[in-house]
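K.L.:
Take this structure, written in structure tokens, and hold onto it; I'll ask about it next.
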Protein chains: 4
Amino acid sequence: MLALLGSSRKEGNSEHLAKKALADIDYTSIYLRDYQINPILDKRHDAEGFTSVNDDYERLLEAFLAHDIIVFATPLYWFGMSGQMKNFFDRWSQYMRDSRYNFKGEIPKKSAYTIVTGNSPDPKISALPLIQQFHYIFDYIGMEFADYIIGQANQPGDIANDSFAIQKAELWNQKFKKNLNSTR
Amino acid sequence: MLALLGSSRKEGNSEHLAKKALADIDYTSIYLRDYQINPILDKRHDAEGFTSVNDDYERLLEAFLAHDIIVFATPLYWFGMSGQMKNFFDRWSQYMRDSRYNFKGEIPKKSAYTIVTGNSPDPKISALPLIQQFHYIFDYIGMEFADYIIGQANQPGDIANDSFAIQKAELWNQKFKKNLNSTR
Amino acid sequence: MLALLGSSRKEGNSEHLAKKALADIDYTSIYLRDYQINPILDKRHDAEGFTSVNDDYERLLEAFLAHDIIVFATPLYWFGMSGQMKNFFDRWSQYMRDSRYNFKGEIPKKSAYTIVTGNSPDPKISALPLIQQFHYIFDYIGMEFADYIIGQANQPGDIANDSFAIQKAELWNQKFKKNLNSTR
Amino acid sequence: MLALLGSSRKEGNSEHLAKKALADIDYTSIYLRDYQINPILDKRHDAEGFTSVNDDYERLLEAFLAHDIIVFATPLYWFGMSGQMKNFFDRWSQYMRDSRYNFKGEIPKKSAYTIVTGNSPDPKISALPLIQQFHYIFDYIGMEFADYIIGQANQPGDIANDSFAIQKAELWNQKFKKNLNSTR
């Protein structure tokens, strides 16, 4: 299992929920802020095609491809995922066409869980366009969009007061553990 | 008037519509791909607050603040705005708190027009979460969201076949010219 | 071609746009307010199944099934289609299972065009959930959702001032006429 | 507290969640299917205004106005609320202008909780336009939209297998009881 953490802050509220969901499970955490991810340069229509990019993306992509359950956690930045996480998705356009990676073969085995935290206006409503965007992304590439949590928090640590979000993360955790036991 | 072009490609379909909308008008074009825009580092909750960033963002922000009508044009990348444009918005979180800029004073004078182009599935539906996100963004900061165009195109130049999108860009153009004349 | 008019008012703004779109074309108009349409009684899970309903719905359904291009026009009532039109759709659940009608055979031949008019808050944004609902409806039954118009108007007749909506209705009209000529 | 049940079936899945949420609480249940609710006839722009309607709506409205916490429960019919419930809202347009009722005075005291159950495609996504519509409705009239539950179920009784939905209904129930105790 892999947690892809999109916040630019350490110990933020979306990360807190991801940790709840993955407590007592052996998983990999990736803080996107610790990686250089260049924006996509769309060369789909260029004669020479995409060219090599000098950044950290391939390490990220390899970690992504190596896991089957991915928890995408992001604060709601301007009513969308963080730019860091957006660049992670945008670069798929290059690497799904890169023969070094079996992108299209691996994707159907994966399940996505998304965690979004926001404050005001109420993210239970204002994060819905982002949830719909995640749906389109995963539907387009044929990856299961298993579930999502929308949490409400402002200051660091506030998420502990959103009992519905916390409880849903704990339900995910129970389900993850049960599935891990049954596949051993 | 300012066109903020979010595509990573030159001469793309969203740019084509922006040029139609602004034909025969004196306006400034900014290609976001030509600027280094770092992702936000959210330090709202840090004691020292935000720190200076060594990139091109302040030049972009100054251009943005100096214009009253802004046309945001972006291809639909993974059912959202491009990562380049997302980082443009994300950094607002820093500069709306920077006393060197009169961000909150200037915003209410501005009007936003957005242009989005996509291909499949039909962007008239699949771009709606992005339109809703733009609404939340502009509503949050108190900037008028005047109108949007969703165009359908795949290959470079295809947008010329989307007669509804082209015609709407021409209607914007007529309206812009009329308003410019009446304010002289 | 068939115009299904969902407004409870005659000569309203959504009807005005539908007439623009269908000007100089031979088409059938149905005012849903002139028909008794009972709400669905969901008996999918009852042993005896659905039972005969004493209202005008079967006449409506026959008109719907007899046409290939359907223009659904409704004012935005409480941010959705009118209750009259909603009952029209809800009753599909009964008749798609009624062997007297070839519902599932006819649907894939049809194209849907929808017209929605509202006033405040700006229907270009507040009608988007309804457009998304229409998308889900037509996608579910396999009927093409060709296009939509969102018009802004308050008082009867106001729609004449929404030049974008009027012009889009005129573009539909040109397209309809062209298609009719090419299929003769 | 009031449960407004929009399903056309007794003992359905949305009703099941509403009963969970209101277990061991003294509340009023209204089955909309047991009432004659005519569609709205929009006479806002008529000289004589709205006229008296011979149906059961005023009894419903009085029950609605007499309660402060309203649980709206509806199955997802064609990706919206049931036509029965839609007509309930549509008729507000008449009665918010009826001087016999203090509609606009009572509304700000109320809180709305909505329960939606659907089956396929996954209602966690396909019900989001309806959740957005509820948001617009309650926001427009100034009524708190406290929370929503989206449950997945097909056959009657299936909702018992949606552990997240059940658990959220139980959390509502705990909150309702706590609030009732604190206001005594």
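The values are calculated or read from the model by the stated rules, or taken from the named source; none is laboratory data. Remember, predicted model here, so these are calculated numbers, not experimental data. So basically every Cβ, Gly included, is an ideal-geometry build from the backbone, and we count neighbours across all protein chains shown. What goes into the accessible areas is simple: the full protein's heavy atoms, side chains included, and nothing from ligands, DNA or RNA. Shrake-Rupley method; radii C 1.70, N 1.55, O 1.52, S 1.80 Å.
K.L.:
Rank these by accessible area, largest first, 1.4 Å probe: D:34, B:90, A:162.
P.N.:
Working: D:34 85, B:90 0, A:162 25 Å².
Ranking D:34, B:90, A:162 by accessible area, largest first, yields D:34, A:162, B:90.
K.L.:
May I pose another question? To the nearest 0.05, how large is the calculated FRET efficiency for residue D:58 and residue D:139 if R₀ is 22 Å and r is the Cβ-Cβ distance?
P.N.:
On the way: r = 26 Å, r/R0 = 1.16.
Efficiency, from the Cβ-Cβ distance: 0.30.
K.L.:
Using the Karplus equation 6.51 cos²θ - 1.76 cosθ + 1.60 (θ = phi - 60°), what ³J(HN,Hα) coupling, rounded to whole Hz, does each residue of the range B:63-78 give in order, writing x for Gly and Pro?
P.N.:
Per residue, the Karplus-derived 3J(HN,Hα) values read 5, 4, 5, 7, 10, 9, 10, 10, 9, 8, 10, 8, x, 7, 9, 6 Hz.
K.L.:
Same structure again: Counting only protein heavy atoms and rolling a 1.4 Å probe, how much accessible area do D and A lose on contact, total for both sides, in Å² to 100?
P.N.:
1700
K.L.:
Then there is this: Tell me the mean residue ellipticity at 222 nm calculated for chain C from its helices only (DSSP H runs of n ≥ 4, each -39500 (n - 2.57), averaged over every residue, nearest 500). It would help to have the intermediate numbers written out before the result.
P.N.:
On the way: 8 runs with 72 residues, N = 184.
The helix-only estimate for chain C comes to -11000 deg cm²/dmol at 222 nm.
K.L.:
OK, next. In whole percent, what relative contact order does the range C:1-158 give with Cα contacts below 8 Å and a gap of six or more residues? Before the final figure, lay out each step's value.
P.N.:
Numbers: 249 pairs, mean separation 43.2, N = 158.
Relative contact order, the range C:1-158: 27 percent.
K.L.:
Right, another one. Tell me the relative contact order for the range D:65-161 as a rounded percent, counting alpha carbon contacts under 8 Å between residues six or more apart.
P.N.:
On the way: 127 pairs, mean separation 31.7, N = 97.
The normalised contact order for the range D:65-161 reaches 33 percent.
K.L.:
Going 7 Å from Cα along the Cα-Cβ axis for the label, what nanometre distances separate residue D:154 from the same residue across the other copies?
P.N.:
3.4, 4.5, 4.9
K.L.:
With unit charges on the beta carbon (Lys/Arg positive, Asp/Glu negative), name the residue among A:37, A:50, A:72 whose Cα is farthest towards the positive pole of the charge dipole of the range A:18-73.
P.N.:
A:72
K.L.:
For the protein assembly as shown, give the magnitude of the charge dipole about the Cα centre (Cβ charges: +1 Lys/Arg, -1 Asp/Glu; no others), in debye to the nearest 20. Each step should come with its number before you reach the end.
P.N.:
Values: 84 positive and 92 negative charges, 0 e Å.
Dipole size: approximately 0 debye.
K.L.:
How much of residue D:10 can a 1.4 Å solvent probe reach, expressed as accessible area in Å² and rounded to 10?
P.N.:
Roughly 120 Å² of residue D:10 is accessible to a 1.4 Å probe.
K.L.:
To continue, here is another question. What average count of beta carbons from other chains do you get within 10 Å of the Cβ of residues in B:84-94? It would help to have the intermediate numbers written out before the result.
P.N.:
On the way: counts 7, 3, 12, 7, 2, 5, 9, 3, 2, 3, 0.
What the average comes to for B:84-94 is 5.
K.L.:
Sticking with this one: Using the Cα centre as the reference, give the magnitude of the dipole from point charges on the C-beta atoms of chain C (Lys, Arg: +1; Asp, Glu: -1; all else neutral), rounded to the nearest 20 debye.
P.N.:
Working: 21 positive and 23 negative charges, 69 e Å.
Rounded to the nearest 20 debye, it is 340 debye.
K.L.:
Sorted from shortest, what are the nm distances separating the label point of residue B:29 from equivalent points in the other copies, each placed 7 Å from Cα along Cα to C-beta?
P.N.:
Label-point distances to the other copies, shortest first: 4.6, 4.7, 6.6 nm.
K.L.:
What whole number of Å gives the distance from the Cα centroid of the range B:1-63 to the Cα centroid of the range D:1-62?
P.N.:
Here the two parts' Cα centres lie 51 Å apart.
K.L.:
If you place +1 on the Cβ of every Lys and Arg, -1 on the Cβ of every Asp and Glu, and leave all else neutral, what size is the dipole of the range A:53-134 about its Cα centre, to the nearest 20 Debye?
P.N.:
Details: 9 positive and 9 negative charges, 42 e Å.
The dipole magnitude comes to about 200 debye.
K.L.:
Report, as an integer, the average count of C-beta atoms from other chains found within 10 Å of each Cβ along A:138-148.
P.N.:
On the way: counts 1, 5, 5, 1, 0, 0, 1, 3, 2, 3, 2.
Counting Cβ atoms of other protein chains within 10 Å of each residue's Cβ and averaging gives 2.
K.L.:
Using only Cα atoms, tell me the angle between helix A:163-182 and the longest principal axis of chain A; keep it within 0 to 90° and round to the nearest 10.
P.N.:
60
K.L.:
Turning to a different aspect of this structure: How big is the gap, in Å, between the Cα center of the range D:114-184 and the Cα center of the range B:109-177?
P.N.:
Cα centres, the range D:114-184 to the range B:109-177: 33 Å.
K.L.:
7 Å from Cα along Cα→Cβ at both residue C:158 and residue B:179: what's the point-to-point distance in nm?
P.N.:
2.0
K.L.:
Can you give the net charge of the other residues whose Cβ lies under 12 Å from the Cβ of residue A:58, counting K and R as +1 and D and E as -1?
P.N.:
On the way: positive: A:59, A:91, A:100; negative: A:55, A:56, A:62, A:98.
Net charge in that neighbourhood comes out at -1.
K.L.:
Would you kindly state the longest site-free stretch of chain D, with sites defined as GluC sites (Glu not before Pro) in a DSSP loop (not H, G, I, E, B) surrounded by at most 12 other Cβ atoms within 10 Å? Don't skip to the end; give the middle numbers.
P.N.:
Details: sites that count: D:11, D:48.
Within chain D, the longest run free of exposed GluC sites (Glu not before Pro) spans D:49-184.
K.L.:
Considering only the label points, 7 Å along Cα→Cβ from Cα, what distances in nm to one decimal separate residue B:52 from the same position in each other copy, shortest first?
P.N.:
3.6, 7.8, 8.6
K.L.:
So for the range C:1-40, averaging the separation of alpha carbon pairs under 8 Å that are six or more residues apart and normalising by length, what relative contact order in percent results? Mind dumping the intermediate values first?
P.N.:
Details: 32 pairs, mean separation 23.3, N = 40.
Relative contact order comes out at 58 percent.
K.L.:
Can you send over the solvent-accessible area of residue B:52, 1.4 Å probe, protein chains only, in Å² to the nearest 10?
P.N.:
For residue B:52, solvent-accessible area is about 110 Å².
K.L.:
May I pose another question? Compute the distance in nm between two label points, each set 7 Å from the Cα along the Cα-to-Cβ direction, one at residue B:51 and one at residue C:45.
P.N.:
About 6.0 nm separates the two model spin labels.
K.L.:
I would also like to ask the following. So which of B:178/C:19; A:124/A:168; A:124/D:168; A:104/A:177 end up more than 20 Å apart, counting from Cα to Cα? Each step should come with its number before you reach the end.
P.N.:
Details: B:178/C:19 29 Å; A:124/A:168 14 Å; A:124/D:168 14 Å; A:104/A:177 28 Å.
Over 20 Å Cα-Cα: B:178/C:19; A:104/A:177.
K.L.:
Using a 1.4 Å probe over the heavy atoms of the protein chains, calculate the carbon and sulfur portion of the accessible area of the range A:44-146 as a whole percent. Please list the in-between numbers first.
P.N.:
Details: 1550 of 3600 Å².
That fraction is 43 percent.
K.L.:
May I pose another question? Heads up, I need the accessible area for residue C:53: 1.4 angstrom probe, whole protein in place, Å², nearest 10.
P.N.:
Approximately 40 Å² of residue C:53 is accessible to the 1.4 Å probe.
K.L.:
Then there is this: Hey, which residue of C has the C-beta nearest the axis mapping C onto B, and what's the distance in Å?
P.N.:
C:128, 3
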